[in-house]
Amino acid sequence: TPYGSLWRLDAFNDTLIGRAPVEFFPTTVSVTPDGELAFVANSDFYGDRPRVNPLSIVHTPTMTTITNLPVCDMPHGVKVNHAGSSVYVSCMHSDELLELDVSTLSIVRRVKTGSGHAMAGGGHDLDAHKDHAAPAQSASAPAPAAPAGSSEHAGHDMSAMPVTAPKGGPDLSKECAPTFVSVSPDDRTLYAACNVGYTMQ
């Protein structure tokens, strides 16, 4: 309270060897195959909505927070692909998936998974996270500045790009609110779990 932190532990002797500050309510973390970078989704369950929450990017050898990159409304899941070249983020309240380029630490693509979370103007579905404790007082932080060189990508709407779905696939007129995202072994397919409707895209 008010911020979270990413901890690094030695797996051989179970000792804490480093900590890095992140943002409000870190939810999931994914690490590049070389172990150099960690990407942390900060969900900020109790903040005012709608808003843009950051993805914290941490240099793990030194446990230094490189940047808190503004990404979307309630980033929840994050997954680095097997090649270590891209990071995928599932955004619950803005109902979309994002792709980041690891080499530039910038957003290069975003695609809608649904019409937007019905609670985007109110609060988070606390039943889905009933074990999370709310802070004593609501707090909001100013949106962090994007890293140099990322502005041309951060707001880039890739909706014009072709988005394919299997026959009988997602109805984008409905709500999905994706929570977690996973990547197929060949890095060609994403799987997103919808918190609304209990479906998979």
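The values are calculated or read from the model by the stated rules, or taken from the named source; none is laboratory data. Quantities reported herein were computed from a predicted structural model and do not represent experimental measurements. Note: areas computed on protein heavy atoms with side chains; ligands, DNA, RNA excluded. Shrake-Rupley method; radii C 1.70, N 1.55, O 1.52, S 1.80 Å.
Show log10 I(q)/I(0) for the stretch 23-70 at q = 0.14, 0.22, 0.26 Å⁻¹, two decimals, from a solvent-free Debye sum over equal Cα scatterers. Reported log10 I(q)/I(0), two decimals: -0.35, -0.73, -0.92. Ordered by solvent-accessible area of protein heavy atoms (1.4 Å probe), largest first, the residues ASP34, ASP44 come out as ASP34, ASP44.
Sorting LEU105, LEU100 by solvent-accessible area of protein heavy atoms yields LEU105, LEU100, largest first, with a 1.4 Å probe. Among rounded, prolate and oblate, which fits the stretch 1-117 when a ≥ b ≥ c are the square roots of the eigenvalues of its C-alpha gyration tensor, a/c under 1.5 means rounded, and a/b larger than b/c means prolate? Because a/c hits 1.5 or more and a/b fails to exceed b/c, the stretch 1-117 counts as oblate. At a probe radius of 1.4 angstrom, the accessible area of the stretch 50-122 per residue rounds to 31 square angstrom.
Residues TYR46, TYR88, ordered by accessible area of protein heavy atoms at a 1.4 angstrom probe radius and largest first, appear as TYR46, TYR88.
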